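All of the numbers you see were taken from the coordinates with simple rules; none came from a lab. Being a predicted model, the structure only gives us computed values, none of them experimental. For neighbour counting, all protein chains shown are included, and Cβ atoms are generated from backbone atoms with ideal geometry for every residue, glycine included.
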Amino acid sequence: MKKKPIKDFIADDWKEYNHERYERDRNRRLQYQHEYYLMHKEKLRLKASNRYRIKCGLGVKNENS
């Protein structure tokens, strides 16, 4: 998108501006989620395992055991 003052935007300019902004924010959000996942992978795995065990009626495993 060409640099243009916001006050001069027409409908198509707004559409393009919002789309570019959405893509930029989406990529930033996905990158953050991926970094969080990599840092907390084991903790997330244990939570998922406990959810499964509760659903199946098994006991919840303690994180320390």
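In a fully extended conformation the segment linking residue 42 and residue 27 would gain 3.0 nm over its present Cα-Cα distance, using 0.36 nm per residue. Count the lysine pairs in the chain whose Cα atoms sit under 23 Å apart, keeping only pairs 8 or more residues apart in sequence or on different chains. Value for the chain: 10. Out of (1) 44, 19, 10; (2) 47, 13, 6; (3) 22, 12, 9, which label holds the value of semi-axes √(5λ) of the Cα gyration tensor in Å that was computed here? Read-out taken from this structure: (2). For the chain, the longest principal axis of the alpha carbon atoms and the long axis of helix 11-39 meet at an angle near 20°. A simple count of charges around residue 53, restricted to other residues whose Cβ falls under 12 Å of its Cβ and scoring Lys, Arg +1 and Asp, Glu -1, yields +4.
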